[in-house]
Amino acid sequence: MTDKTTPAGATAARKPAAAQKRRGWDRGALGRRLGALPTPVKVLLMALLVLLLYALPLLDLPILSTPDTDFGAVLFTVASYVLVALGLNVVLGYAGLLDLGYVGFYAVGAYTVAVLGSFQAQLSWWMLIPLAVIITTISGVLLGAPTLRVRGDYLAIVTLGFGEIIRLTALNSAWLGEARGITKIPRPPSLELFEIPNLSWDGFTAFVDLDNTTKFLVFGVADQAPYYWLALTLIFLVLGADRMLRLSRIGRAWEATREDEDAAELMGVPTFRFKLLAFATGAFIGGLSGALFASRQGFINPISFPLLLSILFLAAVVVGGAGNRWGVILGAAVVAYLPERFRGFEEWRLLVFGLALLLLANFRPQGLLPPRRTRRVQAVEEELDALEEGTARA
Amino acid sequence: MPETPTDGGPGTSTSSALLSLENVSLQFGGLKALDDVSFEVREGEILGLIGPNGAGKTTCFNVMTGVYHPTSGLVRFAGEPLGNRKRFAITRLGIARTFQNIRLFPNMTALENVLVGADAHHRTNVIDALLRTPRHRREEREGEQTAREVMRFMGLERRSDELARNLSYGEQRRLEIARAMATKPKLLCLDEPAAGFNPAEKAQLMNLIRRVRDSGLTVLLIEHDMGLVMGVSDRVTVLEFGRKIAEGVPADVRDDPAVIAAYLGTEADTEETA
């Protein structure tokens, strides 16, 4: 009786608590502590972090900086890997589709900019980027439409082939520049507004170097910081979009498809359509990164897109923790940054990298920053193991 | 050798038939999984579908939900043939099911599992999600409301933030029903919902199935537990070796010699085992 008379009141009382719990569950322990801070502090912290990220190439911090390569250039490489990893995370982490030819999308984006910007036509940069993204997305749909009917290992093999097909097509087509590649790819248009002085370091004391300045915003050859800023800005946009998709019907459909495709289909999820959407979204982001790469580089050829790059992208996502956007960002940063940081140990570089991957696979197979739920499941399973051991002993 | 199968059956009052199988056969190579099966589920009833192991009960479900398309014959839902509709389209039409072996989305929370069901009728696309359009917001709100209602109905409201794989066995079974109900079906197909339940849980489930029916749904129930099936069903259809061998109200079916033979074996068999 009482239950019937106060259902509205009961739900109203229960709801905020449940909603809070749900939000809290999505975050780690650190996230919860941060979440407890008052809003102005949170906003301030976020703003500082963003500012720090933008200022990185100017600060050139001694421990972070790469002694053997231009730090701005390394940061750009890291940022483009992060972008790629975010794209691959949609395909692999959310929808659970193993794509071994992701470099193919990266190459399509880069080649679109190169061919339409320099080799066959001279379109403006502002046209090139959207065109590159659209064409890559279409290539994602074209690849996905026939291949997403196969599952698991078979999909991995087909996509592996796709990556190679793109590279070999470029290598053997005169209109794609063959092995010589394509030069004079247009850079982003510059607009010179003001100059920002860089920091210089003498040991651990910093001084403002007025002779060494970064022109805002000139996309040249020597100073790579503006490319990094551009890539970083795009990362923020992609992150926002990623979050919006994840917290919607689309993210749920991807996840359900990953968990149990047949059950998802029988619960009303058109799984094929959503897998295709994941592929297209991944291609979109991969193409964007490739287009940026080409317009920074100014020159591309088929050697720029080896199979190894697909494997590295995959490593970035898996190392970081597939399914967690912060994890894959960390993974991409590690995969792209560490080899540059330790370029001094040239001949040991790949060995150490391989060893690190092996250790990681052995001791932390779920990645550096796995999705929250994986961590929680693990905690529960460990607890159960402990309990079982306890009863066995008793 | 035993009694002649009661063919055709009393399925004449087509006006109230929500789902009907008309001479459905399904062949896998040389194996006839379903052999000329006809029966109907009437609107608002609880129909029990029983038969020994391998009789074709789950295959019937698979034919109704589009997992298999019949080799011959027709499945009609609300008068319309299902034809070659995809599985998700059939769900949207109003047939929802659970699985004999639990098939939840284990790494999603209980609430998210049910939300996926509620999403069956949602139209939010990428643009809606990116721009947080009114459609997205309305569907999210409605979806969550539906999901929470269904979960309360199933007694799972306290478990909504738990991962599906961390729920107890009984809760997982109930969550499957909740997920199916969130798709707002007209016909709910339960595939052995009481498997592994103790008597108290079975009694609870019987109660629940009746409440589902009373809320306006039609229920098709596959179940091995005779007490449960006979207690809750309005009518019972019996399959054996892919054929229908009996149909009727529980009391009649229970005494049907063909059914007894199917379950207990014929006299010759009994002598052998005894």
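The values are calculated or read from the model by the stated rules, or taken from the named source; none is laboratory data. These numbers come from a predicted model, not from an experiment. Heads up, the Cβs are rebuilt from the backbone with ideal geometry, glycines too, and the neighbour counts pull from every protein chain shown.
Here are the numbers for this structure:
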quantity	calculated
Every residue from the stretch B:17-66 that is within 21 Å of residue B:252 (Cα to Cα) and aromatic (Phe, Trp, Tyr)	B:39
Residue A:190 vs. criteria touching a strand residue (DSSP E or B) at 6+ places or on another chain (Cβ under 9 Å), more than 14 Å from chain B (Cβ to nearest Cβ) and part of a loop (DSSP other than H, G, I, E, B)	yes
Selection count where residues are within 25 Å of residue A:290 (Cα to Cα) and surrounded by fewer than 17 Cβ atoms within 10 Å (Cβ to Cβ), scope the stretch A:56-69	2
Some residue of the stretch B:204-213 being over 30 Å from residue A:256 (Cα atoms) and buried (at least 21 other Cβ atoms within 10 Å of the Cβ)	no
Among the residues listed as A:52, A:34, A:58, A:45, the single one being in contact with a Leu (Cβ under 9 Å, 6 or more places away or on another chain) and either polar (S, T, N, Q) or at pLDDT below 80 (or both)	A:34
Candidate set: the stretch A:228-263, residues that are crowded, with 18+ Cβ neighbours inside 10 Å and of a type in the set (S, T, N, Q); chosen: the one farthest from the other protein chains (Cβ to nearest Cβ)	A:257
Meets criteria (modelled with pLDDT under 90, part of a helix (DSSP H, G or I), under 20 Å from the mean Cα position of the chain (by Cα) and within 27 Å of residue A:311 (Cβ to Cβ)) for residue A:72	yes
Selection count, the stretch A:265-304, where residues are within 14 Å of chain B (Cβ to nearest Cβ) and small (Gly, Ala, Ser)	5
Boolean, residue B:247 is crowded, with 16+ Cβ neighbours inside 10 Å, without any contact (Cβ under 8 Å) to a residue 12 or more places away in the chain and among the charged types (D, E, K, R)	no
Hey, residue A:178 at pLDDT below 90 and among the acidic types (Asp, Glu) or not	yes
Failed item in (1) away from chain B (no Cβ under 14 Å); (2) under 26 Å from the mean Cα position of the chain (by Cα); (3) not β-branched (Val, Ile, Thr), with residue A:178 passing the rest	(2)
Test for residue A:219: is it away from chain B (no Cβ under 14 Å) and over 17 Å from residue A:294 (Cβ atoms)	no
Pairs where the first residue, in the stretch A:300-326, is hydroxyl-bearing (Ser, Thr, Tyr) and the second is assigned to a helix (DSSP H, G or I) and at pLDDT 90 or above, C-beta under 6 Å, 6+ apart	A:310/A:103; A:310/A:163
Residues satisfying the stated conditions in the stretch B:112-131, i.e. more than 23 Å from residue B:93 (Cα to Cα) and either facing another protein chain (nearest Cβ under 7 Å) or under 22 Å from the mean Cα position of the chain (by Cα) (or both)	B:126, B:129, B:130
Qualifying position, being more than 11 Å from chain A (Cβ to nearest Cβ) and touching a strand residue (DSSP E or B) at 6+ places or on another chain (Cβ under 8 Å), among B:156, B:175, B:190	B:190
Flag if residue B:139 is more than 9 Å from chain A (Cβ to nearest Cβ) and among the acidic types (Asp, Glu)	no
Tally of residues being touching a helix residue (DSSP H, G or I) at 6+ places or on another chain (Cβ under 8 Å) and within 23 Å of residue A:172 (Cβ to Cβ) across the stretch A:304-315	6
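To keep it simple, each residue is scored yes or no on (1) crowded, with 19+ Cβ neighbours inside 10 Å; (2) without any contact (Cβ under 8 Å) to a residue 12 or more places away in the chain; (3) among the acidic types (Asp, Glu).
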site: B:179; (1), (2), (3): yes, no, no
site: B:182; (1), (2), (3): yes, no, no
site: B:224; (1), (2), (3): no, no, no
site: B:239; (1), (2), (3): yes, no, no
site: B:265; (1), (2), (3): no, yes, no
